[in-house]
Structures are given as C-alpha cells and as structure tokens.
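The values are calculated or read from the model by the stated rules, or taken from the named source; none is laboratory data. Bear in mind the structure is a predicted one, so any value in this text is a computation, not a measurement. Ideal geometry is used to build each Cβ from the backbone, glycine not excepted, and the neighbour counts take in all protein chains shown. For the accessible areas, the whole protein counts, side chains as well, though only heavy atoms, and no ligand, DNA or RNA atoms are used. Shrake-Rupley method; radii C 1.70, N 1.55, O 1.52, S 1.80 Å.
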Amino acid sequence: MKNSDAVLIIGANAAENHPMSFKWITHAMEHRGAKLIVVDPRFTRTAAKAHVYARLRPGTDIAFIGGIINYLLERDLVHKEYLLAYTNAAHIISDKYSFNDGLFSGYNASKRAYDRSSLAYEADAQGVPKRDHTLTHPRCVYQLLKAHFGRYDLDTVSRITGCPASDLVAVAEAFGATARPELVGSICYAMGTTQHTVGTQNVRAYAILQLLLGNIGRPGGGLNAMRGESNVQGSTDMALLFHLIPGYMRGPAPGQETLTDYLKAITPVAKDPDSVNFWKNSPKFAISLLKAWFGKAATPETDYCYSYLPKPPGNCSHIALFEAMLAGKIKGLIALGQNPAVGGPNAEKERKALDRLDWMVAVDLWETDTSVFWKRPGVDPKDIRTEVFLLPAASSIEKEGSVSNSGRWVQWRYKAVNPPGEAKSDLEILNLLYKAVRKLYASSTAVKDKPILDLTWDYGPGHEPNPHLVMQEINGRNLTTGKLLDSFAQLTDTGTTACGNWIISGVYTEAGNMAARREVADPTGLGLFTRWSWCWPLNRRILYNRCNLDAQGRPWDPSRTAISWNPVTRAWTALDVPDFVWRTPAGDVPPEKSGKSPYIMNPDGVASLFVNELRPNYGLSDGPFPEHYEPFESPVRNLMSSTEFNPATVIWPGELATKATAADYPLVATTYRVTEHWQAGAMTRNLPWLAELMPEMFVEVSHELAKERGIANGDTVELVSTRGTCLAKVCVTSRFKPFAIDGKTTHVIGMPWHYGFNGYVTGGPDKRQAYAANQLTAHIGDANTTIPEYKAFLCDLRKVK
C-alpha cells in the first residue's frame, strides 16, 4: 500500500476496521503524495481522511464503477499498451453473444440460470482465439465493453446512485490518473462490496477498472480484499467454502463418479500455444491431495479413494444449510467458533432452524447466542427438543499454529499461555472427535465406513496433535524419499507425492518452518519482506508481477519493481519470485516470450475483461460483464433495464413472499462493524471494558430523517422489516444524508450487527428483547457465492417508549 499513488476504498472502512492497512495507506499519502478516494453511503472515519469522498446508495456499486469506466473509455484515459499485452481486450467473441434489456444471451428464465455456450471466443481452425489488435472489430472485447458501459452516462448513474455527477467526475479523474504508466493505484474493498446479490460482479467491476488502468501485478496496485479477521484468508485457502476442496479446486459434483470424470471436468484445455494454462496441473494437485488424505489406501486400483469424496447435489452454503435444517433434513450441527444466531441472515429464521435439530455442538470461548438459542426472548425451552453440547475452546493466544493475512502471508504463532480449565484447541477437539468416531467404526467391514477407517491421521501420539505435523502434511512430501517438498512444482499425478494443499506447498520444507521466519530485511524497498514468514504461492509477494513490466521487460516505473530484464546480458534479475517461467536449463526466457501469457491462472493466459466459458466449472453464474441490478429489496425501479434484480440470484422458497416494498418499508438499511466489537459479538460483548465503550445497539439516522419522523438523539426506536424487528437507540448524525434517487428523496439508515440476546451486554437494557440487526435481513444470496445481502434491504422505524 505504501507504493500507491492513488487508493480507492469502496465497500470498506479501513481506518476503523482494517487499521494496519490504513497505516500504510496513510504512509503513501504522507510520503508519496498519494490521493485517497473513499466511496461509501456513510461519512466514515476513513472518509474523513479522504481527498475525494463520494456517497452512493447501498447496492449501486456497479452503476457507480460503470459510470467511471464509461467516463475513462469515452476520453481514452486507459492504459492501452497494458490492455493489448495482458488482457483479452483484443479477443473476438462469438456472434451468438448478445445482451438485451438486462439479460445476456443464454438465459433460461424457468431455471433462473445461464447457458454459457454463447460466451465463447471466435476461433480459427486450430481452435486458437481470434484477436484484433487494432481493437476496432465490433465483436472484440474492447468494443463490446465500450458498448456495454456506454449506457452508464453520468446523468443515469447519478439518478441511480444518488451521487452528484460532479463527484463521479472527481473520482474518475483522481483515480483515472493512474492510467499513466508511471503511476499506480490500488482498490481496497471488504464486505460492503461482497454482501449483495451482485457481490461477485461488484468485484468484477473493480477488476475491469484496474485492468483498464494497468494496475494489476504492480507494487501499490491490485484489487485488495480487506479481511475482517486475521485468518479469513487462511480459511478460504483451506477450502472452508462449500464448493471447494483445498487449493481452490472445485469439489466433486453429481455425475463425476470416477476420478477421470472429475479431472476432465476441472482441468481446462487451452488451444492457444502461448498459454501457460496453469490449471492443466489439476491432476497432480488432486491426486496428491487424495494421497495426503487416504495414504496407502489411495492407489490407482482404488481410483485414489476418489469415491470417498461426497458429491453434493447442489448448494451447500450457509443459507442452504439452515433452510435444510428448518425443513428437518439436517439433524445435527457442529458450530465451530461461529454465532449464526446473531451473524446469520434472517436470524430468527435461523434460530428456528436450530430448534429443529436433534443435537448441536457449539465450540467457543463463551456461551454464545447460538449455544443458548433455546434461551432467546419469546421462547420456552421446554418446546425445543435440540440437545446442546458446549465445548470450551482455546483462544488464539492459547494455541500454536499458523494464520494467513490479506497479503497471503502464512505466519506462525506460538502458544503464550495454556487455556483455562477444560478448554482445548480446535485441533485437539477435532482430533479427539475423529479418534472417537474411528473407534466406533473399528470393527466395521461396510464399504460406507471405509472413508473413516482409511483416513490418514498421523499427527502424533496423545490427545493434542502436533501442529507442525499438520503443516508438514499440508506442505507435502515425496513418498518415495520421505522428504518434505520444496514446492508444488515437485507434485506428481502418479501417487508418489502427498500434499494437503498445493498452493501452500513450500511453507514447511526440510530446511524448516518457513512460516516462522522473522527476518526484517527488505532489499526491494517495496515492503515485500521476503524472508518474513512465507507467502503463497512459492513465497511470491506480488501476484502477476510480470505485468509490472511492459512486453519488452521494461518496468512501467523503474523505482517500483522487484523484477527486471537486462537486454545486454539477456538475463533476469528478480527480488520477488517471478509469476512466470523465467529461467530454464537452457537459459533465461526472454521477455517477448514471458510476456505473452502472464495471467497464468486463466486458460487463455490473459486477464478477463470479458469472462468467457473456457475454464470448466469455474465460470460465473451471471453475466460476462457486470450489469447494474437493484438489490432484492429496493426503493426504486431499475433505470438500466426492466430486469429488476440479478436474474441469477439464489432464491429459496418463501423468500419472494417476504420481499418488502417501498410503500410499506421506505427506508434503505445497511449494516457495518464498529471498532469496539468483533463479528457477532460473543468475544467482545463478554469483555466489560469493550462492553462499556459500546454498550447498546444503535441506528444512525440523518438529521433530515429525524426531523421528518419526530425522533431525537437517544430515543428508542423499533426497526421493522418483513422478517422481524429490532430495538435500537437513535444516533442522529451528519454521517448520513438523504439521497435524491431518480428525483425521489430516499433515506438510508445504518446499524452495527454485533448485538444479540446473550452476553455481558446484549445491545440494550431489556433482556426480553433481541437486538440483532440481522433479524431484519433476508435469506437471499449472490448468484455465484450465495453470500447474503446484508448491505442493502428495506425496513421502517417507529418511536417507542
């Protein structure tokens, strides 16, 4: 961040919720003269430090960014050399592709899904995508992009977002200045971006903007997700998401009955001879993973135990699981360090789902709202059949292991003190649970029990497994020599290597635990600190760093590069690990070859302004370009098309019936964090000093709305949606202002989501009330990830005694 010339923070409040990132943004402002641009519905502490601040109505990021993209394209304020060399701007799209009235070609209304076959590149006889390097062909991606975003003129975008056109121009010019090769800009986002029915496409819009400006792969650039906790990055790396297995590989699906079926489905084929097509290595990653999991039982004869892996028939995300619980299809739940009774969408619905379980195990530091869901206001415990087990857990300072930050640094941390009483680490709890289950199955000869009996579990004797042995399994081992691997480049698809997660291979080698390194030297001067901890993949600190150079290998800005090509010696110098093939036994690979396919994770080798159908099972569920749709609940009609909300939104039965209208629920609501509390509040609401700092649930309202409704600072109001109610104290503030949306005044209110009904404080004085903001939010999800739409929904408020 300290290398940035401009930082655009949108959907995040870094000063309050990601302070370490903001330290380095401030450093860039003070030492480089960097411009800080903040886009947020609320004037936050981050906005207070901004050179440019713009307000937008929640749920309108695509319209806002689309307006900026259009402004830059109209004026040719883009990095053309970067676009031609490193993106699919020149690729020609099939003549079957179309877009009309908010719908892309291939949409099936009855299935609420897209057939992506029309999104193919036009190819020659050998299957190589055709390109037009003049960027004039009407079906080249660049021209399609211009046509698509040409609809996002300043007036229309202002009517949608409520942001004055002058503010849009100020943002476009301040951040658009980084199209100059010698400048670089960063976009930082968080849950304010992702928690929408178009969350994935919000991020796509930011990525398109960064590619147009040539800001990806450069120090001070990139599209940077601000993680809300220390190990959110680590949880996704280790496949906590329902549709993945470790290494960001798709999990098996119905119909993929054999390993051959599965590998064919997940391994892309690229016809372009210049493409690295890195994912062609998927068989090596998958077979090595199966060897790590099932050891000696995983052989070619047993199909490497692939049949042991579940092939779920559909969505198994958070909302889907709770809908299944409510329907009585799921009988048990293990809640490890989570508090869905407060943090889940439509929280009272999720609490009722817990009522339907036979048993639930809560693993946490304290009693959480989830662990005592049966004590919640308005419920008689005698009416709830669920048997609840509470397992006391160790906190982060009471256990040893690794943690991964936003920059993908895997850092080792040590146990500072022993946990109190009977509390145990997650690792020990899981170890005891597995060993107990395996003992129950020990004499079984049933085929269905073999996954448990064949599972490799070599983490040391005793109850508490050795975290170093776990990390070594994740790193990987040569099964012939018994040696730890140096990198994923040594993985095979022959069953001779085992690796728990290919992206992290190299973190724990025969030389030791790389995550525990603490050398503070920084020879690059860029803040890479390449011998502090270890960074996946291969300790590479900047992804796609080949794009920090032009096609001839010259840095866009020589003062900010860790990689360079010497045309005299015909050799590379690299202080970061190059993200491309740069050295072979025959010598260094020249830049004219290395620059042809720098986006090695895409089968076509270039960055995707337009997302085509090339990579199997990894395409988007909605369009190839971002398109503005209104949130599921909106106060206005969609001004871009007659398609009101994302047509591929994941909708569960019953949700349409609870969809609010502006006539009855005229206020747009959004949720956010405060510095004093953590996530769903179980940790911080039980600490008296933090509870004292922020003791009550509150709702921020503008002075204009307070006057209109006759409420004052400190009043208690009842917030009401179609899903539930929530009490809150009123905070009348200038941080919110009314929006003019298509000529209509629209009020936005905001509230923290940390409060509940259990703990040292709950969010208010009345223990008979629940103060969770998520009692108001809907069971509705993004088309691609099913992340809930917490950040834009309709409600109303009324004053109470």
(message) What number comes out for accessible area per residue over the range 15-152 if the probe is 1.4 Å? Units Å², please.
(response) 42 Å²
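If I take all pairs of Cα atoms in the range 513-656, what percentage of them are more than 27 Å from each other? Walk me through the intermediate numbers first.
Details: 4864 of 10296 pairs.
Counting every Cα pair in the range 513-656, those more than 27 Å apart make up 47 percent.
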(message) Can you work out the Karplus-derived ³J(HN,Hα) for every residue in the range 81-93? Use 6.51 cos²θ - 1.76 cosθ + 1.60 with θ = phi - 60°, whole Hz, and x for glycine or proline.
(response) 5, 5, 4, 5, 7, 10, 10, 8, 4, 8, 5, 9, 9
(request) Among the trypsin sites (Lys or Arg not before Pro) in the range 475-556, which ones are in a DSSP loop with at most 14 other Cβ atoms within 10 Å of the Cβ? Mind listing them? (result) K483
(request) Could you tell me which of rounded, prolate or oblate describes the range 208-340, using a ≥ b ≥ c as the square roots of the eigenvalues of the alpha-carbon gyration tensor, with rounded for a/c under 1.5 and, failing that, prolate when a/b is larger than b/c and oblate otherwise? (result) oblate
(message) Classify the range 334-458 from the C-alpha gyration tensor, please: rounded if a/c falls under 1.5, else prolate or oblate depending on whether a/b exceeds b/c.
(response) oblate
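Hey, what did the chain get for relative contact order, percent, Cα under 8 Å, at least 6 apart?
Normalised by residue count, the contact order of the chain is 16 percent.
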(message) I need to check one value: relative contact order of the range 413-493, counting alpha carbon pairs closer than 8 Å and at least 6 residues apart, in percent.
(response) 21 percent
(request) Two decimals is fine: what is log10 I(q)/I(0) at q = 0.11, 0.14, 0.16 Å⁻¹ for the range 699-796, from a Debye sum with one equal scatterer on every Cα and no solvent? (result) -0.37, -0.59, -0.76
(message) Can you compute 3J(HN,Hα) from phi for each residue in the range 753-759, using the Karplus curve 6.51 cos²θ - 1.76 cosθ + 1.60 with θ = phi - 60°, rounded to whole Hz and x for Gly and Pro?
(response) 10, 8, 8, x, 10, 9, x
(message) 5 Å is the cut-off here: which amide hydrogens, built 1.01 Å from N in the peptide plane, fall below it relative to G781, excluding neighbours closer than 5 in sequence?
(response) V650
(request) For the range 398-466, just say rounded, prolate or oblate: build the C-alpha gyration tensor, square-root its eigenvalues into a ≥ b ≥ c, call rounded for a/c under 1.5, and beyond that prolate if a/b exceeds b/c, oblate if not. (result) oblate
(message) Under the rule of at least 5 residues apart or a separate chain, name every residue whose amide H is placed under 5 Å from the amide H of D272.
(response) none
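In µm²/s, what is D for the chain at 4 °C and 1.567 mPa s, where D = kT/(6 pi eta Rh) by Stokes-Einstein and Rh is the Kirkwood radius from Cα pairs?
46 µm²/s
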(message) If DNA, RNA and ligands are ignored and the probe is 1.4 Å, what is the ranking of E182, E422, E655 by accessible area, most exposed first?
(response) E422, E182, E655
(message) Antiparallel versus total DSSP beta bridges in the chain: what percent is that, nearest 5?
(response) 55 percent
(message) Could you tell me how many cubic angstrom of Cα convex hull volume the range 6-84 has per residue?
(response) 117 Å³
(message) Over the Cα atoms of the range 274-348, each weighted equally, I'd like the Debye log10 I(q)/I(0) at q = 0.12, 0.16, 0.23 Å⁻¹, rounded to two decimals.
(response) -0.62, -0.83, -1.00
(message) Taking loop as defined by DSSP and a crowding limit of 15 other beta carbons within 10 Å, which chymotrypsin sites (Phe, Trp or Tyr not before Pro) in the range 732-801 fit?
(response) Y760
(request) Any lysines with Cα under 23 Å of the K439 Cα? List them, leaving off those in the same chain fewer than 8 positions away. (result) K291, K296, K331, K424, K448, K450
(message) Counting only Cα atoms, I'd like the Rg/Rh figure for the range 492-598, Kirkwood definition for Rh.
(response) 1.01
(request) Take every Cα pair under 8 Å in the range 506-584 that's 6+ residues apart, average their separations, divide by the length, and report that relative contact order as a whole percent. (result) 23 percent
(request) Excluding residues on the same chain fewer than 8 positions from K130, give the lysines whose Cα lies under 23 Å from its Cα. (result) K80, K96, K146, K271, K280, K593, K596
(message) Through the Karplus equation 6.51 cos²θ - 1.76 cosθ + 1.60, θ set to phi - 60°, convert the phi angles of the range 336-344 into ³J(HN,Hα) values in whole Hz; use x for Gly and Pro.
(response) 8, x, 9, 9, x, 5, 10, x, x
(message) How large is the translational diffusion coefficient of the range 82-185 in µm² per second when you combine the Kirkwood radius over alpha carbon pairs with Stokes-Einstein at 4 °C and 1.567 mPa s?
(response) 79 µm²/s
(request) May I ask you to give the percent of accessible area on the range 99-159 that is carbon plus sulfur, with a probe radius of 1.4 Å? (result) 51 percent
(request) Can you check what the net charge comes to around L705, using other residues whose Cβ is under 13 Å from the Cβ of L705 (Lys, Arg +1; Asp, Glu -1)? (result) +1
(message) As an exercise, identify the trypsin sites (Lys or Arg not before Pro) in the range 326-355 lying in DSSP coil whose Cβ has no more than 16 other Cβ atoms within 10 Å.
(response) K329, K331
(request) Among P558, L528, A770, flag the residue with its Cα farthest along the positive direction of the charge dipole of the chain, charges on Cβ as +1 for Lys/Arg and -1 for Asp/Glu. (result) L528
(request) Taking the Cβ of E510 as the centre, find all other residues whose Cβ is under 13 Å away and add up their charges (Lys, Arg: +1; Asp, Glu: -1). (result) +1
(request) Sum -39500 (n - 2.57) across every DSSP H segment of at least 4 residues in the chain, then divide by the residue count to get the 222 nm mean residue ellipticity, nearest 500. (result) -6500 deg cm²/dmol
(message) To the nearest 20 Debye, how big is the dipole of the chain about its Cα centre, given +1 on the beta carbon of each Lys and Arg and -1 on that of each Asp and Glu?
(response) 480 debye
(request) Excluding residues on the same chain fewer than 8 positions from K352, give the aspartates and glutamates whose Cα lies under 19 Å from its Cα. (result) E323, E367, D369, D380, D383, E387, E655
(request) Can you find, among L84, Q126, H51, the residue farthest towards the positive end of the dipole of the range 29-153? Put +1 on the C-beta of Lys and Arg, -1 on that of Asp and Glu. (result) H51
(request) Report, by chain and number, residues whose modeled amide H sits under 5 Å from the one on A393, excluding near sequence neighbours (fewer than 5 apart, same chain). (result) D364, L365, K424
(request) Specify which residue in the list Y434, L212, P420 is farthest towards the positive end of the charge dipole of the chain, using unit charges on the beta carbon of Lys, Arg (+1) and Asp, Glu (-1), about the Cα centre. (result) P420
(message) Just to check, using Stokes-Einstein with a Kirkwood Rh over alpha carbon pairs, what's the diffusion coefficient of the range 13-165 at 20 °C and 1.002 mPa s in µm²/s?
(response) 116 µm²/s
(message) Over all directions, the average projected area of the alpha-carbon convex hull for the range 431-533 comes to how many nm²?
(response) 9.3 nm²
